[in-house]
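Peer 1: Provided herewith is a single structure, encoded as structure tokens, for subsequent inquiry.
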């Protein structure tokens, strides 16, 4: 087991992704790294879970069926929970207030996902 995987083992991750195939693949990647995953596939579900559940870090798709997930990110900031963005478009999709968070461009590999998660958790 790599150092990154061992540092992710047992971590609770909120995964916010509206594309079913990407959500399933990412959930598999996270679980193989030892994470416990809570999935939200819509803006309303993401906002509710970000506000009420306990987790260590979140992975947020920037665009959820045409709705930007910036309010979800603000809830996480207010709660002191780190997060990373995922997008198929790059940083230009992010509003200025959200541009400092790490960005993972789709499609991504497990190693890139694990590395970014570890970096975000370490900077907490």
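Where a number appears in this text, it was derived from the coordinates with a stated rule and is not lab data. Bear in mind the structure is a predicted one, so any value in this text is a computation, not a measurement. FYI the Cβ positions are ideal-geometry reconstructions off the backbone, even for glycines, and counts take in every protein chain you see.
Peer 1: Quickly work out the residue 105-to-residue 42 label distance, labels modelled 7 Å from Cα along the C-beta direction, and quote it in nm with one decimal.
Peer 2: 3.2 nm
Peer 1: With each pseudo-label sitting 7 Å past Cα toward Cβ, what's the residue 115-residue 52 distance in nm, one decimal?
Peer 2: Between residue 115 and residue 52, the label points sit 3.8 nm apart.
Peer 1: How do 34-43, 10-19 rank on mean C-beta neighbours within 10 Å, highest first?
Peer 2: Packing order, densest peptide first, comes out as 10-19, 34-43.
Peer 1: Same structure again: Looking at segment 3-122, what % of its DSSP beta bridges pair antiparallel, to the nearest 5?
Peer 2: Here the share of antiparallel DSSP bridges comes out near 10 percent.
Peer 1: Tell me, 83, 89, 108 in order of fewest to most beta-carbon neighbours within 10 Å?
Peer 2: Result, fewest neighbours first: 89, 108, 83.
Peer 1: For 78, 112, 56, 61, what's the fewest-to-most ordering of other Cβ within 10 Å of each Cβ?
Peer 2: Placing the least packed residue first, the sequence is 78, 112, 56, 61.
Peer 1: Let me ask something else about it. Which of rounded, prolate or oblate describes segment 3-122 when judged by the alpha-carbon gyration tensor and an a/c cut-off of 1.5?
Peer 2: rounded
Peer 1: Please give the contour-minus-distance gain from residue 24 to residue 77: 0.36 nm per residue of separation, less the Cα-Cα distance, rounded to one decimal in nm.
Peer 2: 16.5 nm
Peer 1: Do the sum for the chain: with -39,500 (n - 2.57) for every DSSP H run of n ≥ 4, divided by all residues, what is the mean residue ellipticity at 222 nm, to the nearest 500 deg cm²/dmol?
Peer 2: So the helix-based figure for the chain works out to -12500 deg cm²/dmol.
Peer 1: What is the order of 86, 105, fewest Cβ neighbours within 10 Å to most?
Peer 2: Ascending Cβ contact count within 10 Å gives the list 105, 86.
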